């Protein structure tokens, strides 16, 4: 995000919502100008949604985050030779994401035949759940629609035989 002075073109403030974007996590839409109430005080803010379901809120004039933004560790392992991944990604603490960020056993569809359910449950137990900003390695992956629907408003097509959509 970049805030410029409209009359001079000079930079006022900026914020990088994704460090070293490897998987099309650029911002999906222009930011929105909003007025929010926090602790009884009205704040003119700018809200930026992301493809991962997060909403960053900044004070319009200064770019100061309305709520804390944490630099959370993410895996840096990659199959891309010579690629160096960022060890952290910025995650807003509030508001909560508008799509789920992990999939638990309690959320699995149990309306399928038991053998299918047990297979899905078994596969899920082998996965490490990480935030959506993690680069995917060339191995079996699990996608669930809530995260995908946040990306450009629709689910991505099946890319490889080893990907499973929930």
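The values are calculated or read from the model by the stated rules, or taken from the named source; none is laboratory data. No experiment lies behind these values; they were computed from the predicted model shown. Here the Cβ positions follow ideal geometry from the backbone for every residue, glycine too, while neighbour counts run over all protein chains shown.
Computed values, structure above
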quantity	calculated
Counted residues, region 60-84 - those being at pLDDT below 85 and either surrounded by 13 or more Cβ atoms within 10 Å (Cβ to Cβ) or under 17 Å from the mean Cα position of the chain (by Cα) (or both)	4
Hits in region 19-76 (condition: assigned to a loop (DSSP other than H, G, I, E, B) and closer than 16 Å to residue 4 by Cα)	30, 31, 60, 61, 62, 63, 64
Single residue of region 13-55 satisfying the filter (more than 14 Å from the chain's Cα centre (by Cα) and under 30 Å from residue 82 (Cβ atoms)) that is surrounded by the fewest Cβ atoms within 10 Å (Cβ to Cβ)	14
